[in-house]
């Protein structure tokens, strides 16, 4: 039986543990050559698992929100395997606080890792693929970003994380449109799974079952990531998928709703009933998580 990612060269950030580790293992099982990034020695441990199972992988340890390091991360793939076919942006962290208690440092750290940590390797990968395209080479590149339900709907106590992940979703839409000319697809997943980032927040609902299907295992998210990385997914771009357990769904983002055109400048005193009428005709927004 052929493997869906056979020969694809994939960089995965934050792949030492959790979702990233699951993605790396499954991609390797499906025939990909994997560059495993993380901040510490866990990257080497993931590589050892892959090699022990007969797969192909190499580790790269460093901070993906660092511009220079992220360039070297992309170069590891090209120099080791001769090409780069996909980037899976997975690295992230949380520093949860209610907004009135949130510090500047906690805001800056989460935005740096979760949003800039997507931008830096992605920007270098995009430059590589653009150059390949300009040289007349065939490009069938894929990017899979990691947003969150918090970024799509909001989440109490996670204003910094939600802002970063909303930024990832917007980044996905814009880059999908810009990079289509180079045959690069860009999609995002909003996963729900048991990881070190979520185990405290969702302790009860994410408990490991004693038997049967473990709906909260991070391994359930990785098949969609592998498919999006494959050549088969070349006609899918600019989409956000929610995935948890055995459920895969397409998220519908912001779009224009009901409108009224006065054909002139509005008087503020006139707008009350107009706005209330528009809200009455618009779909009710989904509630913020935890509200």
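With respect to the conditions (1) at pLDDT below 95; (2) part of a helix (DSSP H, G or I), residue 40 falls short on a single one, namely (2). Report whether or not residue 5 is within 20 Å of residue 115 (Cβ to Cβ) and surrounded by 21 or more Cβ atoms within 10 Å (Cβ to Cβ). No, not satisfied. Consider region 210-240 and keep the residues that are free of Cβ contacts under 8 Å to residues at least 60 places away in the same chain and part of a helix (DSSP H, G or I). The one that is surrounded by the fewest Cβ atoms within 10 Å (Cβ to Cβ) is 224.
Flag: residue 15 does not match the condition of being farther than 24 Å from residue 158 by Cβ and either at pLDDT 95 or above or surrounded by fewer than 24 Cβ atoms within 10 Å (Cβ to Cβ) (or both). For residue 95, the conditions (1) closer than 29 Å to residue 234 by Cα; (2) in contact with a helix residue (DSSP H, G or I) (Cβ under 8 Å, 6 or more places away or on another chain) all hold with the exception of (1).
Helices (runs of 4 or more DSSP H) fully within region 104-169 that include at least 3 residues being surrounded by fewer than 21 Cβ atoms within 10 Å (Cβ to Cβ): 104-111, 117-134.
The values are calculated or read from the model by the stated rules, or taken from the named source; none is laboratory data. From a predicted model like this one, the values you see are computed outputs, not experimental measurements. Glycine gets a Cβ as well: all are built from the backbone with ideal geometry, and neighbour counts include every protein chain shown.
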